[in-house]
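Enquirer: Supplied in structure tokens, the structure appears directly below.
The values are calculated or read from the model by the stated rules, or taken from the named source; none is laboratory data. Please read these numbers as outputs of a predicted model, since none were measured by experiment. FYI the Cβ positions are ideal-geometry reconstructions off the backbone, even for glycines, and counts take in every protein chain you see. When the accessible area is computed, the model is the full protein with side chains, heavy atoms only, and any ligands, DNA or RNA have been set aside. Shrake-Rupley method; radii C 1.70, N 1.55, O 1.52, S 1.80 Å.
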Amino acid sequence: MMNGMERLTAAINGTLADRIPVFCNLLDQGAKELGLSIKEYYASGEHVAEAQLRMRAKYGYDCLWSLFYVGKEAELLGCRKIIYAKDGPPNVGEMVIKKNDDISRLQVPDDITSHPAFAEELKCLRILKAEAGGKYPVCAYLTASMTMPALLMGMEKWMQMLMMGPAGLRDELLTKCSDFFQKQVAAYRAAGADVLVYSNPFGSTDFIPRTFFDEISLPWMESDLAPGGTAGVVYYCGSARFNDVIESVIQNLGIGVFYLSPMDDIAEGKKIVAGRGVTCGVINDIMLLEWSKEEIRAEVKRMIEAGKPGGKFLFGTLVMPYAIPEENIRTMLEAAYEYGRFDSE
Amino acid sequence: MLEQVMTQYNEAIMDTDRDRALQVVHDALALEITPEEVVFEVVVPAIELMMKSISENQGVSLAQHFMAAQIASEVVDDMVPRFRKAPQIIGRVVIGTSQGDFHGLGKRIVAGCLKAMMIEVTDLGLNVAPERFVDEALAHDAQVIAISSMMIHTARGENGCRRVRQILKERGVEDRIKIAVGGAPYRFDPELYRSVGGDAWAENGITAGRVITCLIREVRK
Ligand code: B12
């Protein structure tokens, strides 16, 4: 049997594998796995690493996550309050930027790796690399410069500043967030992360009009990615659709992996990528709370039939809600392993 | 002439150009178009036109929703005091995000659209406890409680819409107050509103205006 890294490499190179790679993004579920509250769980990188390894072994999927929760990035930029729920992901509980003046005061740490908020994640990454390095890809999650302000000032204020200015202040903030991104991506690469999920809802025309994408989103994405390059980078718009910008992303940014929205047409996405990269079909995992076994299997089948022919395809989930029953996770995965098989083609 | 104003205003909205939209309105006033006409013949139809493009699947982005709501509510704030007589209010709504949820953008867009449609909106803010939704709805004599949630656990959780429904039932006011819900989880699961006890949901801020107007009419009937 092949391992996750071999399957992923085969998908990237378009060579043969036993089946398509399957990425199942279980985060908060790790707490359940270890019998801890979500707050206790995220206090330690050892917890997260252990649960990531255990869940991967238990379910047999192909990825490991160094991500705790997205709000951690705000902690690196000064947020000191995280709100924990008993049955859902932690959230940013304090806005680092409360008023416009706070933007000039915002400081991007020179060395992210020495920041206390990064220490546990680094610990987690080291364990994952030591235990599974080279066998299962270790994924890191990074928020694009244009989306980062949502975590620092809230989507509401950010949307207002992005659309209505003042433009000078907006650009000052974006410059800092892009600097932060560049440092973060370098730190993750140095720590051995294999897959770098580049998250940017503002890279989707569900969020901004096409002209805005061309004139503003693209240049900031170029700024984020230019220094470090696009090796291992995955284009992801936080589950918003992006088939209509794939061509531009390939041409202008050179990214080679596309983590579609569940609302994107997989076959269409794959046709646009046209062998120049890996297309990831992503299930609407919120429905795993409701669907029957038959419905889950039918959906997985539909998705894989749309994306598998010709290879260079991966099956994935979004951020799996905490309340999804284990049985439904298994049903989805078993269907993905079954329909995703390459029978001596 | 009014038609031309409407076209120009619509174009500005779709281009997310606030300054141009406000300029169009001010130029219109200078041409002796009345404040009433600005609101009812320009701003409200622009929102309706947007609903039409959405239902025809012509892709209206979140930024365009945001700007449409923002500009509409600014124009309405500016025009209403200039009306010859106070406008007729269609109904009253209290709106907030569910307990444990600090995501306010959806609420703001919805509130802006409601205001432009002459619905009185009381904004209860973020992280609103279920009891407070009901208390405030009764205090403001609101026909609709509008609850916005961005995460699955705040949409489905025991302190969200489900609890609001239970309190309405306990207090025997279910025929007086309806619940509208919305936010990301409802877009991923269009049946979710039912299982949490909502009366209706809407996919975006613009259609929220229509859905909530229907609920108000139902209560007032
Ligand atoms: C932008 C975004 C982000 C950004 C910004 C987050 C922020 N602070 O605001 C980033 C990338 C940072 C992010 C992070 C996270 N996110 Co996020 N994010 C999104 C995304 C792409 C859009 C959300 C948004 O802001 N939309 C804009 C608002 C205005 O849209 P809306 O709420 O849907 O509102 C519209 C309609 O729904 C309607 N409406 C809204 N309210 C109401 C109310 C009524 C009464 C009515 C009638 C209508 C209505 O009108 C509105 C306007 O048109 C969604 C996916 C998606 N495509 O929707 C995921 C999503 C909301 N995120 C999700 C998650 C899980 C997270 C994290 C918790 C991940 C993590 N484990 O850390 C973090 C939390 C960060 C934090 N706050 O600490 C999940 C939530 C589902 C779940 N599993 O619980 C989603 C759905 C993605 C997914 N499917 O996995 N996220």
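Enquirer: Among what's in the stretch A:28-43 and is open to solvent by 20 Å² or more (accessible area, probe 1.4 Å) and either small (Gly, Ala, Ser) or farther than 15 Å from A:TYR84 by Cα (or both), pick the residue that is farthest from the ligand (Cβ to nearest atom). Lay out the reasoning, then the answer.
Expert: We begin by selecting, within the stretch A:28-43, every residue open to solvent by 20 Å² or more (accessible area, probe 1.4 Å); these are A:32-37, A:39-40, A:43.
Those still in the list that are either small (Gly, Ala, Ser) or farther than 15 Å from A:TYR84 by Cα (or both) too: A:33-35, A:37, A:43.
On the way: A:GLU33: 16, A:LEU34: 17, A:GLY35: 20, A:SER37: 16, A:ALA43: 16 Å.
Taking the candidates together, the pick is A:GLY35.
Enquirer: Another question, then. Tell me the residue from A:PRO166, A:PRO137 that is open to solvent by less than 10 Å² (accessible area, probe 1.4 Å) and either of a type outside the set (Phe, Trp, Tyr) or more than 28 Å from A:LYS81 (Cα to Cα) (or both), please. Talk me through it step by step, then tell me what you get.
Expert: Numbers: A:PRO166 fails: open to solvent by less than 10 Å² (accessible area, probe 1.4 Å).
Among A:PRO166, A:PRO137, only A:PRO137 is open to solvent by less than 10 Å² (accessible area, probe 1.4 Å) and either of a type outside the set (Phe, Trp, Tyr) or more than 28 Å from A:LYS81 (Cα to Cα) (or both).
Enquirer: Right, another one. For the stretch A:5-35, which positions are under 18 Å from A:ALA132 (Cβ atoms) and free of Cβ contacts under 8 Å to residues at least 40 places away in the same chain?
Expert: Of everything in the stretch A:5-35, those that are under 18 Å from A:ALA132 (Cβ atoms) and free of Cβ contacts under 8 Å to residues at least 40 places away in the same chain turn out to be A:GLU6, A:THR9, A:GLY30, A:GLU33, A:LEU34.
Enquirer: Next up: Residues that are away from chain A (no Cβ under 14 Å), aromatic (Phe, Trp, Tyr) and over 17 Å from the mean Cα position of the chain (by Cα): does the stretch B:8-16 have at least one?
Expert: Checking the stretch B:8-16: at least one residue is away from chain A (no Cβ under 14 Å), aromatic (Phe, Trp, Tyr) and over 17 Å from the mean Cα position of the chain (by Cα).
Enquirer: Pick from B:GLY183, B:GLY198, B:GLY205: which is touching a His at 6+ places or on another chain (Cβ under 6 Å) and outside the structural domain of B:MET50 (by TED's automatic domain parsing)? If you could, list the steps in order and put the result at the bottom.
Expert: Details: B:GLY183 fails: touching a His at 6+ places or on another chain (Cβ under 6 Å); B:GLY198 fails: touching a His at 6+ places or on another chain (Cβ under 6 Å).
The unique qualifying residue is B:GLY205.
Enquirer: Please verify whether B:HIS103 is part of a loop (DSSP other than H, G, I, E, B), near the ligand (Cβ under 10 Å from one of its atoms) and assigned by TED's automatic domain parsing to the domain that holds B:VAL173, treating the condition exactly as stated. Show your work before the answer.
Expert: Working: part of a loop (DSSP other than H, G, I, E, B): yes; near the ligand (Cβ under 10 Å from one of its atoms): yes; assigned by TED's automatic domain parsing to the domain that holds B:VAL173: yes.
Taking the combined requirement at face value, the residue satisfies it.
Enquirer: Hey, another quick one. Answer with yes or no whether A:ALA85 is near the ligand (Cβ under 10 Å from one of its atoms), under 23 Å from A:THR147 (Cβ atoms), in a loop (DSSP other than H, G, I, E, B) and not aromatic (Phe, Trp, Tyr).
Expert: On the way: near the ligand (Cβ under 10 Å from one of its atoms): yes; under 23 Å from A:THR147 (Cβ atoms): yes; in a loop (DSSP other than H, G, I, E, B): yes; not aromatic (Phe, Trp, Tyr): yes.
The answer is yes for A:ALA85.
Enquirer: Go through the stretch A:46-72 and count every residue that is away from the ligand (no atom under 13 Å from the Cβ), open to solvent by 20 Å² or more (accessible area, probe 1.4 Å) and assigned to a loop (DSSP other than H, G, I, E, B).
Expert: Result for the stretch A:46-72: 1.
Enquirer: In the stretch A:233-327, which strands (runs of 3 or more DSSP E) lie fully inside it and hold 1 or more residues that are touching a residue at least 24 places away in the same chain (Cβ under 8 Å) and within 14 Å of chain B (Cβ to nearest Cβ)?
Expert: Numbers: elements: A:233-236, A:257-259, A:278-282, A:313-316.
In the stretch A:233-327, the matching strands (runs of 3 or more DSSP E) lie at A:278-282.
Enquirer: Take B:GLY125 and tell me if it is within 15 Å of the ligand (Cβ to nearest atom), small (Gly, Ala, Ser) and under 21 Å from A:LYS86 (Cα atoms).
Expert: Here the answer is no, as B:GLY125 does not meet what is asked.
Enquirer: For the stretch B:204-221, how many residues meet the condition of being under 12 Å from the mean Cα position of the chain (by Cα) and in contact (Cβ under 8 Å) with a residue 60 or more places away in the chain?
Expert: Summing the residues that are under 12 Å from the mean Cα position of the chain (by Cα) and in contact (Cβ under 8 Å) with a residue 60 or more places away in the chain in the stretch B:204-221 gives 9.
Enquirer: Now, a different point. What number of residues in the stretch B:168-221 are small (Gly, Ala, Ser) and within 14 Å of chain A (Cβ to nearest Cβ)? It would help to see each step written out before you state the result.
Expert: Of the stretch B:168-221, the ones small (Gly, Ala, Ser) are B:172, B:180, B:182-184, B:195, B:197-198, B:200, B:202, B:205, B:208-209.
Those left that are additionally within 14 Å of chain A (Cβ to nearest Cβ): B:183-184, B:195, B:205.
Number satisfying all stated conditions: 4.
Enquirer: Now a separate question. Of (1) more than 15 Å from the ligand (Cβ to nearest atom); (2) in contact (Cβ under 8 Å) with a residue 12 or more places away in the chain; (3) more than 14 Å from chain A (Cβ to nearest Cβ), B:ILE47 satisfies all except one. Which?
Expert: Here B:ILE47 meets the rest and fails (1).
Enquirer: Looking at A:ALA267, A:ALA193, can you tell me which residue is under 24 Å from A:ASN13 (Cα atoms) and open to solvent by 20 Å² or more (accessible area, probe 1.4 Å)?
Expert: Details: A:ALA193 fails: open to solvent by 20 Å² or more (accessible area, probe 1.4 Å).
Result of the check over A:ALA267, A:ALA193: A:ALA267.
Enquirer: Out of the stretch B:19-56, which residues are charged (D, E, K, R) and either closer than 21 Å to B:GLY209 by Cα or assigned by TED's automatic domain parsing to the domain that holds B:CYS113 (or both)?
Expert: Taking the stretch B:19-56 as the starting set, the residues that turn out to be charged (D, E, K, R) are B:19-20, B:27, B:32, B:36-37, B:41, B:48, B:52, B:56.
Answer for the stretch B:19-56, where residues must be charged (D, E, K, R) and either closer than 21 Å to B:GLY209 by Cα or assigned by TED's automatic domain parsing to the domain that holds B:CYS113 (or both): B:GLU36, B:GLU37, B:GLU41, B:GLU48, B:LYS52, B:GLU56.
Enquirer: If you don't mind, another one. Condition first: touching a strand residue (DSSP E or B) at 6+ places or on another chain (Cβ under 7 Å) and either farther than 30 Å from A:THR9 by Cα or not acidic (Asp, Glu) (or both). Now tell me which residues in the stretch A:60-74 satisfy that. Lay out the reasoning, then the answer.
Expert: The first filter runs over the stretch A:60-74 and keeps only residues touching a strand residue (DSSP E or B) at 6+ places or on another chain (Cβ under 7 Å), leaving A:61-67, A:70-71, A:73-74.
Passing the criteria: A:TYR61, A:CYS63, A:LEU64, A:TRP65, A:SER66, A:LEU67, A:VAL70, A:GLY71, A:ALA74.
Enquirer: Scan the stretch B:91-103 for residues that are open to solvent by less than 10 Å² (accessible area, probe 1.4 Å) and within 12 Å of chain A (Cβ to nearest Cβ) and jot them down. Steps first, answer last, please.
Expert: Here is the first cut: in the stretch B:91-103, the ones open to solvent by less than 10 Å² (accessible area, probe 1.4 Å) are B:91, B:93-98, B:101.
Passing the criteria: B:THR97, B:SER98, B:ASP101.
Enquirer: Given the conditions (1) closer than 30 Å to A:ILE324 by Cβ; (2) away from chain B (no Cβ under 14 Å); (3) not in a helix (DSSP H, G or I), which single one is not true for A:GLU75?
Expert: In the conditions (1) closer than 30 Å to A:ILE324 by Cβ; (2) away from chain B (no Cβ under 14 Å); (3) not in a helix (DSSP H, G or I), A:GLU75 misses (3) alone.
Enquirer: Let me ask another. Scanning for something modelled with pLDDT of 90 or more and in contact with a strand residue (DSSP E or B) (Cβ under 9 Å, 6 or more places away or on another chain), does the stretch B:53-61 turn up at least one residue? Talk me through it step by step, then tell me what you get.
Expert: We begin by selecting, within the stretch B:53-61, every residue modelled with pLDDT of 90 or more; these are B:61.
Adding the requirement that they be in contact with a strand residue (DSSP E or B) (Cβ under 9 Å, 6 or more places away or on another chain) leaves none.
No, the stretch B:53-61 contains no residue that is modelled with pLDDT of 90 or more and in contact with a strand residue (DSSP E or B) (Cβ under 9 Å, 6 or more places away or on another chain).
Enquirer: Criterion first (over 23 Å from A:GLN160 (Cβ atoms) and either more than 16 Å from the chain's Cα centre (by Cα) or surrounded by fewer than 24 Cβ atoms within 10 Å (Cβ to Cβ) (or both)) does B:ARG84 satisfy it? Give the derivation first.
Expert: Numbers: over 23 Å from A:GLN160 (Cβ atoms): yes; either more than 16 Å from the chain's Cα centre (by Cα) or surrounded by fewer than 24 Cβ atoms within 10 Å (Cβ to Cβ) (or both): yes.
So B:ARG84 passes the test.
Enquirer: Within the stretch A:229-254, work out how many residues are farther than 21 Å from A:ALA150 by Cα, among the β-branched types (Val, Ile, Thr) and crowded, with 20+ Cβ neighbours inside 10 Å.
Expert: Qualifying residue count for the region: 4.
Enquirer: Follow-up. Looking only at the stretch B:143-175, which residues are over 18 Å from the mean Cα position of the chain (by Cα), open to solvent by 20 Å² or more (accessible area, probe 1.4 Å) and within 11 Å of the ligand (Cβ to nearest atom)?
Expert: Hits for the stretch B:143-175 are B:MET151, B:ILE152, B:HIS153, B:ARG156.
Enquirer: For the stretch B:176-218, what are the residues that are of a type outside the set (D, E, K, R), open to solvent by 30 Å² or more (accessible area, probe 1.4 Å) and part of a helix (DSSP H, G or I)?
Expert: To start, the set of residues in the stretch B:176-218 that are of a type outside the set (D, E, K, R) comprises B:177, B:179-186, B:188, B:190, B:192-193, B:195-198, B:200-202, B:204-209, B:211-216.
Those still in the list that are open to solvent by 30 Å² or more (accessible area, probe 1.4 Å) too: B:190, B:193, B:195, B:201, B:211, B:214.
Listed by number, the residues that qualify are B:TYR193, B:SER195, B:VAL211, B:CYS214.
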